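Notes for the one structure printed next.
The values are calculated or read from the model by the stated rules, or taken from the named source; none is laboratory data. Keep in mind it's a predicted model, so treat the numbers as computed, not measured. Here the Cβ positions follow ideal geometry from the backbone for every residue, glycine too, while neighbour counts run over all protein chains shown.
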Amino acid sequence: MDSRYLKSLIAVADSGSIADAARAEGLTAAAVSQRIQALERSLGFALLSRAGHAAKATDACLALLPRARRIVREVALLAGDADDEGLTGTLRIGAISTALTGMLPAALRVLTQQAPGMRPAIVPGTSRSLYQALLAGEIDAAILVAPPFELPKTLHALTLRREELILLARRKLRGDAATLLRTQPYIRYDPSAWGGRPAQRYLDDQGLQPALLCDLDALETIAMLVADGVGVSLVPRWSGLEKLAAGCRMEAVEPEGHALYPRDIVLLIPAQSERPNMLRMLSQAIPSAEST
């Protein structure tokens with residue numbers, strides 16, 4: 001049984017679509033289907049129930065998926081077993097969107113220079129989804145907004161950035177933050193997202209109730225909308241904001257030296273990992289990226 005076939009099965013089960021799994025693996029849909037059919041012949045039972053473009057895992061498939069994931073994971077670790085330094089193989093790094101464009105590119109340059117045998121695999125997602133993926137062992141590390149609850153002892157957090165809360169508005173608009181929040185359409189950083197909670201706390205503490213235009217859990221989109229004059233917003237000052245918000249005011253809403261409403265970005269890693277040297281190098285590379 002080829003472990004690559006199991007990997008394709010897992011991709012289909014996770015995405016619910018052969019076409020989506022094929023795109024993720026860089027294969028054709030026909031190739032993925034053939035792999036699944038080969039597994040079904042080998043095992044002697046159906047693994048997927050197909051309806052239109054959807055492919056749903058059967059009960060038998062769901063029962064074997066945990067072991068299949070472990071097999072695929074163990075195969076991926078084989079390359080590193082012969083490396084005394086433990087710097088060979090794939091390191092799966094989850095990252096929120098602002099980390100993908102801000103701190104991660106420079107960190108990846110450091111990793112490829114110092115550990116050419118390491119293959120970073122980047123997994124984008126929201127803070128909540130990446131946290132769940134890390135707990136499930138689907139990724140090795142995650143760069144995300146600090147969870148708003150106490151971490152389990154199985155995870156270790158390293159704070160990478162503390163981003164102050166700012167008012168984002170077109171430069172031509174006049175008035176202080178409170179005035180603009182009262183008079184302009186408000187593009188809200190979704191308060192249900194971990195990173196959007198500080199902005200909502202600020203509004204609640206100040207007794208402000210802006211005219212809500214929409215909720216978005218996409219800071220890059222918020223910045224572009226503000227730059228186009230659609231409205232104003234309260235956002236963290238993330239690395240790379242200036243590139244998207246040319247022509248905008250970026251005004252701190254707290255006195256200098258006070259950070260009651262920050263967004264903390266952390267690197268989460270397992271306390272016990274099969275890739276300790278890789279994770280150590282990653283944790284050292286990201287602060288290096290911030291200082292460049």
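Some points to look at:
- Checking P120, P152 one by one, the residue that is in a strand (DSSP E or B) and of a type outside the set (D, E) is P120 and no other.
- Matching residues, the range 109-140, being charged (D, E, K, R) and either in the same structural domain as L65 (by TED's automatic domain parsing) or at pLDDT 90 or above (or both): R109, R128, D140
- Residue in the range 61-68 that is modelled with pLDDT of 90 or more, assigned by TED's automatic domain parsing to the domain that holds A11, part of a loop (DSSP other than H, G, I, E, B) and exposed (fewer than 15 other Cβ atoms within 10 Å of the Cβ) present: no
- Within the option set L282, L268, being in a strand (DSSP E or B) and closer than 23 Å to V123 by Cβ holds for one residue only, L268.
- Summed over the range 15-29, the residues that are of a type outside the set (G, A, S), under 16 Å from A54 (Cβ atoms) and crowded, with 16+ Cβ neighbours inside 10 Å give a count of 2.
- Single residue of the range 139-156 satisfying the filter (within 14 Å of G94 (Cβ to Cβ) and surrounded by fewer than 18 Cβ atoms within 10 Å (Cβ to Cβ)) that is nearest to the chain's Cα centre (by Cα): P147
- Flag not set for V230, criterion: buried (at least 18 other Cβ atoms within 10 Å of the Cβ) and either in a loop (DSSP other than H, G, I, E, B) or at pLDDT 95 or above (or both).
- Candidate set from the range 274-292 (those that are at pLDDT below 85 and over 18 Å from T154 (Cβ atoms)); member that is surrounded by the most Cβ atoms within 10 Å (Cβ to Cβ): A289
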